[in-house]
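Encoded as structure tokens, the structure appears first; notes follow it.
We did not get these values from a lab; they are worked out from the coordinates using the rules stated. Just so it is clear, the structure is predicted and the values come from calculations on it, not from any experiment. As a convention, Cβ positions derive from the backbone with ideal geometry for all residues, glycine included, and neighbour counts pool all protein chains shown.
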Amino acid sequence: MDTTIHKIGRRKTSVARVYLSKGNGNITINKKKSTDYFGVPLLDYKLRQPLSLTDSEKKYDVKVNVYGGGITGQVEAIRLAISKALCELDEQNRKVLKPEGLLRRDPRMVERKKFGQKKARKKFQFSKR
């Protein structure tokens, strides 16, 4: 593989564009190292999960452009995109990633605020008198 594989992952309002190419395991997110961008070890583990499950942590470089949402949504969007790219590389990866739930797009979104209410479900304080 000399070409770059491009995949998109989404979660809540986050959108991640991932470019996977041969390399030595560097992950760059918005032109920063992944450890500098997120800074939380748990999120870094989540980010590298599809690569470690398929034993390809040191084989590919990952370049990511991500925007929208918070850091957790961004990490999960990146994780989905990396998983999709690894499946395109080798169909055997699908058998490893699918049981872990890494190929499923999480459909949960924030519920909209309704008029006459404080939030989506919370009401304004009721006063009897």
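Just a few scattered comments:
- Selection within segment 32-74: residues that are among the β-branched types (Val, Ile, Thr) and farther than 9 Å from Ala16 by Cβ. The member of this set that is surrounded by the fewest Cβ atoms within 10 Å (Cβ to Cβ) is Val40.
Residue-by-condition table, conditions (1) assigned to a loop (DSSP other than H, G, I, E, B); (2) under 19 Å from Thr35 (Cα atoms):
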{"site": "Val66", "(1), (2)": "no, yes"}
{"site": "Gly69", "(1), (2)": "yes, yes"}
{"site": "Glu76", "(1), (2)": "no, yes"}
{"site": "Gly101", "(1), (2)": "yes, no"}
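- When Arg108 is tested against (1) of a type in the set (D, E, K, R); (2) out of contact with any helix residue (DSSP H, G or I) (no Cβ under 8 Å at 6 or more places or on another chain); (3) free of Cβ contacts under 8 Å to residues at least 60 places away in the same chain, only condition (3) is not met.
- Condition broken by Ala85, with the remaining ones in (1) in contact with a His (Cβ under 9 Å, 6 or more places away or on another chain); (2) without any contact (Cβ under 8 Å) to a residue 40 or more places away in the chain satisfied: (2)
- Residue selected from segment 11-53 under the condition without any contact (Cβ under 8 Å) to a residue 60 or more places away in the chain and small (Gly, Ala, Ser), by the criterion farthest from Ile71 (Cα to Cα): Gly23
- If you go through segment 48-64 and keep only what is outside any helix (DSSP H, G or I) and not aromatic (Phe, Trp, Tyr), you end up with Thr54, Asp55, Ser56, Glu57, Lys58, Lys59, Asp61, Val62, Lys63, Val64.
- Filter pass, Ile78 being more than 17 Å from Tyr19 (Cβ to Cβ), in contact with a Leu (Cβ under 9 Å, 6 or more places away or on another chain) and either touching a residue at least 12 places away in the same chain (Cβ under 8 Å) or of a type in the set (Gly, Ala, Ser) (or both): no
- Of all residues assigned to segment 82-90, at least one qualifies as being part of a helix (DSSP H, G or I), among the aliphatic types (A, V, I, L, M), within 9 Å of the chain's Cα centre (by Cα) and more than 14 Å from Asn30 (Cα to Cα).
- Residue check: Gln125 meets all listed conditions (1) touching a Phe, Trp or Tyr at 6+ places or on another chain (Cβ under 9 Å); (2) more than 24 Å from Tyr19 (Cα to Cα); (3) not hydrophobic (A, V, I, L, M, F, W, C) but one, namely (1).
- Per this entry, Thr35 is not counted among residues that are polar (S, T, N, Q) and under 19 Å from His6 (Cα atoms).
- Restricting attention to segment 1-31 and to residues that are β-branched (Val, Ile, Thr) and surrounded by fewer than 15 Cβ atoms within 10 Å (Cβ to Cβ), the residue that is farthest from Glu76 (Cα to Cα) turns out to be Thr3.
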